[in-house]
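Written below as structure tokens is the structure these notes are about.
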Amino acid sequence: MLKRLVFSFLGLACALQAAYLEVYRDQSRYHYRPESTYIGFADGMQAMDGNGALMLRSEATCEEAHEVCKEFMRLEALIRREVLLQEEYATLETLLGVQRLQNAIDAKTLISQASEIGRHKAQIASELTALREQIVQAGAQFQKQSTSDKGHFFSTLPKGEVELVIGKGLDFESVYLLDLDARTLFHDLLLTNRSGVDIIVDEVRLYDRAAGAVRAPIAFSPRPIGIGAPQQLMRANKVMLMEAAPAPAAAMAQIAQEKLRQYRLGKTVLHTDGVAQRFEVEQMQLEPVQGLRWDAYNDSAVYETVSLELPKPIESDTIKVREGGRLIEHARMLREEGGLRINTAIAYEIEAQRKALVDYAQEKGLFGGDLQKEEGIELRLHNRDSKRRSVLVVERIPVSTDERIRVTVHPPMLEETALPYRYDERTGKLEFDVALDAAQHSKVLIKYTIRYPKEMTIYY
């Protein structure tokens, strides 16, 4: 059952509650009125009240009422039992050695006693093996709930509100599910407490400093035409980076504010159990576009894809996709201008090949002192399916970085027919659709020319 999450952006007024929690990416601040001196098992904890820092005791003890304490005491009991068994095993080893030195004991008695000691050793060894497995499991369970193996206590119980600064153990993340049947993107928040401190608050505030940051790979990046030798261009870029003027303070503040998003939850109980609690943030109605796509310039596979135009950026580098009531495994998210593209599966029924036409490439002088390079790309598609399919093909044409360099793109040719196409001179992105009947083979030829002054050296 999802809990409804009320969220807002930074800047909205928030009335302070009796107890509240602020969770950042690097630390958390828990404001409350303690009812006992016991705090919890958090690592690197600090406590403060209105007068400053409070004295804390740190010791390997705790109150049994807390679940994390039960796990800790169970782990301690298992470790103590292991020590006792190891001591008992060592005693049997010593006893067996002593009996071998006593010549007065007849051989029959010695063999009988040695056999009995051996049986006890085997029982202890078997119990130690099982016990160590239990210790590993208990240790993993305790570490799931806590970041420290020492309990913390107030030296004296504070009278008023206390702020605990918890270094780690409280984590949250945005998760997304795209339901293709409902045409809806669900945005939820997962909040996990493994700090070692049980938390009960009237309000939780979660601050995401990375909101809006680009995380997933960019689907398309231009291929600029460089001027001069590659080493010279690299040196020029380094100098340009070193001499770049800093951004104005106002612009930096605006960027920082855009990247800091605040979520607010109502009354919440966060037991330190390491189990993520899910809160519903929002649902976005979208118009996903499904189809086949081939990014011919960098991939030999054709993918089944879903394209989305988003009203705002999402805050994750992964997304789950559901269709027909089942989750699609291994969906890969890529960012595009104004939205997302999700590769849901490889379309194995479409075979694709790309080849640069070296024989076609040539460089020749023109009137006016310019040079012109002519290049070509051959694309081959084979539909091995029993039904008609349409593939969106994306190619990347080198883009000019200087007004003296002019790039001309010719229409893609399917056999003898010019295909309708979309070309962005700014990025060099060339797109066109190829319709394939069942079992059809198709060949598309792309040609472009680059014209530049003959005294200039270019590369791409």
When you scan the stretch 416-424, do you find a residue that is in a loop (DSSP other than H, G, I, E, B), touching a strand residue (DSSP E or B) at 6+ places or on another chain (Cβ under 8 Å) and more than 27 Å from LEU371 (Cβ to Cβ), even just one? yes
Selection status of ILE105, modelled with pLDDT under 80, of a type outside the set (Gly, Ala, Ser) and farther than 30 Å from ALA18 by Cβ: yes
Exception for ALA356 within (1) free of Cβ contacts under 8 Å to residues at least 24 places away in the same chain; (2) closer than 30 Å to ALA18 by Cβ; (3) hydrophobic (A, V, I, L, M, F, W, C) falls at (2)
Do we find a residue being within 26 Å of ILE342 (Cα to Cα), part of a strand (DSSP E or B), modelled with pLDDT of 50 or more and aromatic (Phe, Trp, Tyr) anywhere in the stretch 276-284? yes
Exactly one of these conditions fails for THR318: (1) under 17 Å from GLY339 (Cα atoms); (2) modelled with pLDDT of 90 or more; (3) polar (S, T, N, Q). Give me its number. (2)
So SER58 ticks every box in (1) at pLDDT below 85; (2) small (Gly, Ala, Ser); (3) within 23 Å of VAL201 (Cα to Cα); (4) touching a strand residue (DSSP E or B) at 6+ places or on another chain (Cβ under 8 Å) but one. Which box is left unticked? (3)
Kindly check whether there is at least one residue in the stretch 372-383 that is assigned to a loop (DSSP other than H, G, I, E, B) and either modelled with pLDDT of 95 or more or in the same structural domain as TYR303 (by TED's automatic domain parsing) (or both). no
List pairs: first residue in the stretch 268-281 and on the phi > 0 side of the Ramachandran plot and not assigned by TED's automatic domain parsing to the domain that holds ALA140, second residue modelled with pLDDT of 90 or more and among the β-branched types (Val, Ile, Thr) anywhere in the structure, Cβ distance under 8 angstrom, at least six positions apart or on different chains. GLY274/THR192
Do any residues in the stretch 106-121 that are in the same structural domain as GLU93 (by TED's automatic domain parsing) have Cβ atoms under 8 Å from those of residues that are modelled with pLDDT of 70 or more, where the two are at least six apart or on different chains, and which pairs are they? ILE117/LEU92; ILE117/LEU95; HIS120/LEU92; LYS121/TYR89; LYS121/LEU92; LYS121/GLU93
Of the residues GLU416, GLU403, only one is exposed (fewer than 13 other Cβ atoms within 10 Å of the Cβ) and within 28 Å of GLU337 (Cα to Cα); which? GLU403
Residue list for the stretch 136-172, restricted to those being surrounded by fewer than 17 Cβ atoms within 10 Å (Cβ to Cβ), hydrophobic (A, V, I, L, M, F, W, C) and either in contact with a Gly (Cβ under 9 Å, 6 or more places away or on another chain) or touching a residue at least 60 places away in the same chain (Cβ under 8 Å) (or both): LEU157, VAL165
Tell me, yes or no, whether the stretch 414-435 has at least one residue that is touching a residue at least 40 places away in the same chain (Cβ under 8 Å) and over 39 Å from the mean Cα position of the chain (by Cα). no
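The values are calculated or read from the model by the stated rules, or taken from the named source; none is laboratory data. Keep in mind the model is a prediction, meaning the values are calculated, not measured. Cβ atoms come from the backbone with ideal geometry, glycine included; neighbour counts cover every protein chain shown.
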